[in-house]
Each structure stands twice: as structure tokens, then as C-alpha cells.
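The values are calculated or read from the model by the stated rules, or taken from the named source; none is laboratory data. All values derive from a computational prediction rather than experimental measurement. So basically every Cβ, Gly included, is an ideal-geometry build from the backbone, and we count neighbours across all protein chains shown. Side chains are part of the model used for accessible areas, which takes the heavy atoms of the whole protein and leaves out ligands, DNA and RNA. Shrake-Rupley method; radii C 1.70, N 1.55, O 1.52, S 1.80 Å.
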Amino acid sequence: MPLDIVIGAQWGDEGKGRVVDLLADMSDLVARVNGGDNAGHTVTVGKKIYKLHLIPSGIIHANTIGVMGSGMVLNPLTLVDEIEMLRKAEVEISPERLWISDAAHLITPLHRLMDQAKESALGKAQIGTTGRGIGPAYTDKAARRGLRVGEILDSAGFDERAREHFQELGRQLVEWYGQPAKNLDDLMENFLEKAQELRPFIRRIGPLVRSSLNENKVILVEGAQGALLDIDQGTYPYVTSSFTTAGGVPNALGVGLYPARKIIGVVKAFQTRVGAGTFPTELDGDIAGHLRGTGKNPWDEFGTTTGRPRRVGWLDLVLLRYAHEVNGFTELFITKLDVLSGLDEIQVCTRYQRNGLELDSLDFSGDARSLATCEPRYESLPGWKEDLRGCRAFEDLPEAARNYIRFIEDQTQVQVKYVSVGPERTDLIMRE
Ligand code: IMP
């Protein structure tokens, strides 16, 4: 059963690229199944830093085939740029190495404009989206009027449908959002041209993935965003518009209820969030500055996709236990433990208090309004001063850092198999 799934266990940006990079070496297929270019996966290999938004990041390993599943929404403009960027970096991108599902949906420039117009119209109630057109593309998908990747293969029909889409959304921008009417011809021509460049990669991926699994090939799924941003299980309405949890994976690959071998929950050693929405353990001040970093390093807490400073806070174990409930993690990967070095004490949220009652798990499905009524309750753990970057075995960590990891295991009842202690590929502890 060689299906391994990597899931962000928080609000995204947990450092999933790290574990994917490690496991892709031992995988045959690497797949993205949800979201679009709202995601940003950074992988550092030696001096090279790859920033990918759409193509599964495991494709930088020469042994893999990249699969883009039906749950994704793809902007042809970004995708074509990303293909070019990878080719320039001497990563082979050919139709044999990249399969794009014909059932995935397209994001058009009008979806982007619509995303931005909707957000400004929301004023204070903004979701804080990435502005990449994600919500409007999934809206069209659910309303059964979306443009699917497979339609590109019928150029004349596709041009016609795209024209209707541009006209319709162009009209809505003017009539619903009071925007000045624009000539959309150039935007549309460019979109149509880039969409045609995807033609060689378009596949019906279900049969390909199923036969790969039958041949015992290893499939690694790179979940995008995080469990708490899932449209059903996340902190609704401050979520993205796709299934970010493990449950969405088999459907997006067209393989039925295929059981996973591993479901790896990636957890940052503290909590971060971009965009709006309830964040019970959020911090400001010096400790927030310590956790966020200055923004000078690519691994500091500033969005890969938008450059926005991320909101930061203490690790929230109530939410982590919830993420485990809705994903069924088989193991955890803790990232950025090194960032906690230098703090005298570390707080960890282990329970919430609501209406005088203590809760150690959520009695609701994510819902942001209910979450806002919960007060975090913390346990304080001793910090450590040592730099962790040289640690390669669990025993190399200072005692307080080992206790921190054991505390997470105890509280979640999931084994921590990996701990990252620095930005380089080799700054990693693997535990048996
Ligand atoms: P959208 O996905 O652009 O519609 O944004 C919806 C919410 O999800 C916003 O709060 C975004 O900041 C958040 N979001 C979307 N993609 C990511 C990601 O890759 N990492 C972290 N947050 C994300």
C-alpha cells in the first residue's frame, strides 16, 4: 500500500517542502491534489532555493513523475512560468514527467480580479486571501460552470467557453463591484495562448495512478495549505476553498478509498497563520519577533506567495489533536525546533476554557466563531539556549528540547519521527 500523504497539521506554512524533499527520493510519483498557486513550497538544495507554487516540489528529484490531481485549480500563466523556471534550473519537465489531470479546473485572470474585488468589498470581514483567484475558481467549479483542464484539448470549443467566461465575469466586476469596464481582449488572448502550452501534459490520471499503485510504485502526496484551512474541517469561514485534509486525496487521484501507508502530519514547533481568522495562542511583542525572524532569511515567517508577515503564537495542542482526529496521522514531523532556542520558557496550549468549563478537544468542527469563544490555557516548559543546528540524533538535543518533543508526543499520542533543526537539507533528526 505505497501511498504516503504529507499534510500540514496547522494553518499552512509548516515546512512541508522539507519532508517532501526527504521522501521524494524514495518515491516514484509525487502528487499535488488540492489548491493552486496560493501554496508556496520552498525547498533548499545546497545553495539552490526552489520556490514552487503549483508543480509538486518532489519533481526536483530526477526519479519522480509529478502528478497534478483533479482537486487542484490551475492558473496557466503561473504554471507555464513555473515550468520554464524549472527547465532553466535544469529540472526535466516533459509530458512523461508531468501529468496534469483533465478534471482539474482552471483559474483565469478574471478569477483573480474577482477574488480581489470580493475581498475589498468585504472590508473588515476580509478572509485575507492570497488574491490568486482560488475562491472564485472553486465557486465556478461547484456551480458547474468552471473551465476544466481537459477542455483545452478542444481548442475551438475552449476558446468559445473562455470568451463567455471572460464576458460574464467582466460584466459582474462592473455591475456588482462598480469597477470601470475594461477591454479584456489582451488578457484573454494571453490566457488562451498559455493554456494551449499545457496541452502535452493533460492526462486522465486515475488509470495511470491506479496502475502505478498496482505495480507497487510509491506515491507521495504533497498536501497544500494545512488541516485548519480545510473547507469542511477548518476554521470556517477563514479557510481556503479546497480539501486540505487526507480525506480529499483518493478522490483527487481517482483511486477510490485507497488506504494510505503513512499520513505524516507536519507541525511547526510554534503556530503561524497568514490572513484573518481566530488564532487563540497569537502573540505580539518580543517573543513574536523572536519566532517570526527579521525577514532577511528565506525561512523567516513571511509568506512565500504574498510576502506578508505571518501571525505567530505558541503551539496549540488542542488544535493539533483536532488535526489528528480529522486526518489520522501515523507520525509527526516537527519543523523549526531550532527557532525556539534562546527562550527562557516555552508556553504550550494544552486546553481551552469556555464558559467556565475546561475543554481538551474541540466539541465543534473548526468553526471560527466557536473558536473565538475559547480561551487558551497554557503549560510552561523550560526553554534552552543551545543552537540546535549541529544536532543529528535525538540524544544530541538539550534535555529541555527533548522534553518539548516528548510532551507533544504525550499530548497527541502520535510518534514524532522527524525533527528539523535548521534550514539546510541535512539539519534533520530522524528517529526510529
Ligand atoms: P485563498 O486560498 O487564497 O482563498 O485564501 C484563504 C485563506 O487561506 C487565507 O487566510 C490565506 O492566507 C490562507 N492560505 C491559502 N494558501 C495558503 C498557504 O499556502 N499557506 C498558508 N495560508 C494559506
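Measuring between alpha carbons in the structure, the pairs from Lys336/Lys417; Lys194/Lys217; Lys124/Lys336; Lys51/Lys296; Lys141/Lys217 lying more than 23 angstrom apart are Lys194/Lys217; Lys124/Lys336; Lys141/Lys217.
Using a Gaussian network model on the chain with a 10 Å cutoff between Cα atoms, which of Gly234, Gly289, Gly265 fluctuates the most? Checking each option, the largest mean-square fluctuation is seen for Gly289. Largest to smallest in accessible area, the residues Lys88, Lys182, Lys118 fall in the order Lys88, Lys182, Lys118 (1.4 Å probe, all protein chains included).
The simple spin-label model puts a point 7 Å past each Cα toward its Cβ; for Lys194 and Val174 those points are separated by 2.4 nm.
In this structure, the amide hydrogen of Arg351, modeled 1.01 Å from its nitrogen in the peptide plane, lies closer than 5 angstrom to those of Arg377, counting only residues at least 5 positions away or on a different chain.
Computed over the chain with a Gaussian network model linking Cα atoms closer than 10 Å, the most mobile of Tyr378, Tyr177, Tyr418 is Tyr177.
Expressed as a whole percent, the accessible area of the stretch 292-355 that falls on carbon and sulfur atoms is 46 (1.4 Å probe). Here the chain is treated with +1 on each Lys and Arg Cβ and -1 on each Asp and Glu Cβ, and its dipole about the Cα centre works out to around 380 debye. Across the stretch 323-330, coupling constants 3J(HN,Hα) worked out from phi with the 6.51/-1.76/1.60 Karplus curve, θ = phi - 60°, read 4, 5, 4, 8, 10, x, 4, 9 Hz, and Gly and Pro carry x.
Taking only the C-alpha atoms of the chain, the Rg (one decimal) and the largest Cα-Cα distance, Dmax (whole number), read 21.6, 66 Å.
With every protein chain in place and a 1.4 angstrom probe, the accessible-area ranking of Asp427, Asp387, largest first, reads Asp387, Asp427. Phi angles of the stretch 224-241 translate, via the Karplus equation with coefficients 6.51, -1.76, 1.60 and θ = phi - 60°, into HN-Hα couplings of 10, 6, x, 3, 7, 9, 5, 4, 9, 9, x, 7, 4, x, 8, 9, 8, 9 Hz per residue; Gly and Pro are given as x. Taking the centroid of alpha carbons for each part, the stretch 5-19 and the stretch 120-195 are 29 Å apart. The H on the amide N of Leu428, modeled in the peptide plane, is under 5 Å from the matching H of Val421, each at least 5 residues off or on a different chain. Only protein atoms count toward the accessible area here, which uses a 1.4 Å probe; on the stretch 147-267, the carbon and sulfur part of that area reaches 50 percent. By the Stokes-Einstein formula, at 1.306 mPa s and 10 °C, the stretch 162-294 with its Kirkwood radius over alpha-carbon pairs has D equal to 81 µm²/s.
Whole percent per 10 Å bin, from 0 to the bin with the longest distance: what is P(r) over all C-alpha pairs of the stretch 1-113? P(r) for the stretch 1-113, in whole percents per bin: 13, 49, 33, 5, 0. What residues of the stretch 95-121 lie in the reach of a label at Asp232, counting those whose backbone N is under 20 Å from a point 7 Å from the Cα along Cα→Cβ? Inside the label zone: 104-105. For the chain, a Gaussian network of Cα nodes joined below 10 Å ranks Phe302, Phe364, Phe279 by mean-square fluctuation, and the top entry is Phe364.
Normalised by 2.2 N^0.38 Å, where N is the number of residues, the alpha-carbon radius of gyration of the stretch 154-235 equals 1.66. Given R0 = 30 Å, the distance between the Cβ atoms of Arg354 and Gln415 translates into a calculated FRET efficiency of 0.50.
Here the label points at Glu331 and Arg402, each 7 Å from Cα along the C-beta direction, are separated by 2.0 nm in the simple model. Here each label is just a point 7 Å from Cα along the line to Cβ, and for Thr139 and Ala181 those points are 2.2 nm apart.
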